[in-house]
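Structure record follows, encoded as structure tokens.
Since every read-out is calculated from the coordinates, none of them should be taken as a lab result. Computed from a predicted model, the values in this text were never measured in an experiment. Backbone-built Cβ (ideal geometry, glycine too); neighbour counts: all protein chains shown.
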Amino acid sequence: MTPTVIQIIAWGAQAVKAVIDIITAAVAAAQAGTPPSLDALDKRLIDVQAGRAAERAAEAAAATAEADAALAAAAQAEFDAELKRVVEPKKP
Amino acid sequence: MYRNLLIASLLLLCAALLVACSDPARTARREVDRLTRLTERTEVEVNRAARTALVAVATAEGHRRGAELKAAGCGPACATQPSTALIDPCKGIVAASEARYAAATAKVTAGRTTAYNAIDAVYAALRVVVDLLRTIDAGAKAAGWEAKLAAVVAGAVGSAADCAAAVAAFKQAIGGAK
């Protein structure tokens, strides 16, 4: 091979390496994702802070109602089990 | 000459990409986004855990109340009545049950409030980061802005870690309370 051919191969290798570097950087950037704009972040935080008091109150009320219903159902279930035992006596 | 120009422009493009990706303000925005999402998910987790614990506590207490009422010869209607609507001995049994239930739920809700406070601390720390980013965006890139930004981001990350620890402690406490 003449020196010119070797030189061309070296240039090609350099170009390929540069392209690979670019693709690698682009893939890394794509994987990291584009962060939202500052305005979007600010708005989201303000919305979260403004709405969470109402959301928490609603969540607490719903959880309490569910628990109260579970308490009554469990207490009633004790009697229902007894009733079932009396109404449906064991077969001989 | 063309070869050198080509390589130089490719390298410049690479450098621009790398600089854009490692820009501290951009990294901070990404971190704020990540922590906001994480904290929102944490609050949903806290609510779910608290609700599950409350229902578990209520179910256990309900069975105990029913069994005690039955043993005392009280009627089934007593199981769903408040103590004030009953006469002794059923009234005493339900009143004691109500007191136990109130104490158990208070423990769960107090833990939930502690977790909420930790969550609020994260949001407050994130607002500090956003405020600083706004100042930086406004063009006031004073000397040392990168270090200041790194410090407030570290503060937000620390708050998120404290929050995660508080939530884990809450879950453990209500796990034991069931």
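Observations, loosely collected:
- Treating r as the C-beta distance of A:Thr64 and B:Arg100 and R0 as 25 Å, the FRET efficiency rounds to 0.95.
- The range B:93-178: radius of gyration over Cα atoms, expressed as a fraction of 2.2 N^0.38 Å: 1.68
- Chain B: relative contact order as a whole-number percent, Cα under 8 Å and 6+ apart: 32
- Based on C-alpha pairs under 8 angstrom that are at least 6 apart in sequence, the range B:65-111 has a relative contact order of 31 percent.
- Using alpha-carbon coordinates, inclination of helix B:90-137 to the longest axis of chain B, degrees: 10
- A simple rule links phi to the HN-Hα coupling: the Karplus curve 6.51 cos²θ - 1.76 cosθ + 1.60 with θ = phi - 60°, which for the range A:6-18 gives 4, 5, 4, 4, 5, 4, x, 4, 4, 5, 4, 5, 5 Hz, with x for Gly and Pro.
- If you wrap the range A:36-87 in the convex hull of its Cα atoms and look at it from every side, the mean projected area works out to 5.2 nm².
- Where trypsin sites (Lys or Arg not before Pro) fall in DSSP loop in the range B:67-162, at most 13 other Cβ within 10 Å: B:Lys141
- Counting, for every residue in B:31-37, the Cβ atoms of other protein chains within 10 Å of its Cβ and taking the mean gives 3.
- Cut-off 18 Å, label 7 Å out along Cα→Cβ of A:Ala81, residues of the range B:41-79 by amide N: B:56-79
- Computed Rg/Rh of chain B, alpha carbon atoms with Kirkwood Rh: 1.35
- Rg over Rh for the range B:36-96 works out to 1.29, using Cα positions for both radii and the Kirkwood form for Rh.
- The range B:73-87 - phi-based ³J(HN,Hα) in whole Hz, Karplus 6.51/-1.76/1.60, Gly and Pro as x: x, 6, x, x, 4, 4, 4, 10, 9, x, 4, 5, 8, 10, 10
- With Cα atoms, 0 to 90° folded angle of helix B:2-21 axis to chain B main axis: 30
- Per-residue Karplus couplings for the range B:34-47, computed as 6.51 cos²θ - 1.76 cosθ + 1.60 with θ equal to phi - 60°, are listed in order as 4, 5, 5, 4, 4, 5, 5, 5, 4, 5, 4, 4, 4, 4 Hz, Gly and Pro entered as x.
- Computed lengthening from B:Ala77 to B:Ala150, 0.36 nm per intervening residue step minus Cα-Cα distance: 19.9 nm
- Cross-link partners for B:Lys91 among the aspartates and glutamates, with Cα-Cα distance under 15 Å and sequence neighbours closer than 8 places in the same chain left out: B:Glu68.
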